[in-house]
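A.B. asks: What follows is a structure written as structure tokens; I'll ask about it next.
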Amino acid sequence: MSLASSRFSFLMASTAAALAFGIASYLEYSVGLTPCSLCVLQRLCLLLFLVNGLIACVHGPGQKGSIVYGAMGLVFASAGMTLAWRQVLMQSRSFERLPSCVAPLDRADSWWCALRSVLDGAVDCANITWTLFDLSIPEWSLLFFLAVSIAMSYLLLRLVWNALVRPLSGDTSQLVRVLD
């Protein structure tokens, strides 16, 4: 995989993220859906993934830089996938075990307590307010984050494989000598 194709991969991933962010904004501002706290965190992961992809595309890094940008994109996509999976699990359970609202985050003792209270969820995170093809918004979000995680994993595997086969020094690597 050449560095130009990794740059194109970052461009396509950030374009998909921009499209997903646009759809989320449309659903909030035009349709009138209010995002819950988990949805806001998923949007934050989506925005971080988008910015990471745009910076990688504009920067045009070398092999090691592409690996770093790919790893950061995979971390952001995996975090979004984890949050979406948590919300899908909350939607599949009953409302009795969930608090009626999330405590105000400005009263939390630390970032860890605030994050824990958000991840514990509330009834508004478990409500299904909109579906498309019988899939809720968190399920669509989970599918999107899964797809970009697979794409980033593939990009990383190709970049690492190329780094092992053709190191930057120009010498043949130990892996090539073993394969010959």
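Read-outs: derived from the displayed coordinates by stated rules, not from any lab. Being a predicted model, the structure only gives us computed values, none of them experimental. Because the Cβ atoms are built from the backbone with ideal geometry, glycine has one as well, and the counts that use them run over all protein chains shown.
A.B. asks: Determine, from the Cβ-Cβ distance of L132 and S5 and an R0 of 30 Å, the FRET efficiency 1/(1 + (r/R0)^6), rounded to the nearest 0.05.
C.D. replies: Working: r = 32 Å, r/R0 = 1.07.
Efficiency for this residue pair is about 0.40.
A.B. asks: Report the full-extension gain for the segment R93 to V75: residue separation times 0.36 nm, less the Cα-Cα distance, to one decimal in nm.
C.D. replies: 3.7 nm
A.B. asks: How much length, in nm to one decimal, is gained on full extension between V160 and I23, taken as 0.36 nm per residue of separation minus their Cα-Cα distance?
C.D. replies: My answer for the length gained is 46.0 nm.
A.B. asks: Could you list V148, V51 so that the one with the fewest beta carbons within 10 Å of its beta carbon is first and the one with the most is last?
C.D. replies: By the 10 Å Cβ count, ascending, the order reads V51, V148.
A.B. asks: Most exposed first by the Cβ proxy, i.e. fewest other Cβ within 10 Å, how do T34, T129, T82 rank? Please report the intermediate quantities before stating the final value.
C.D. replies: Numbers: T34 9, T129 13, T82 16.
Fewest-to-most Cβ neighbours within 10 Å comes out as T34, T129, T82.
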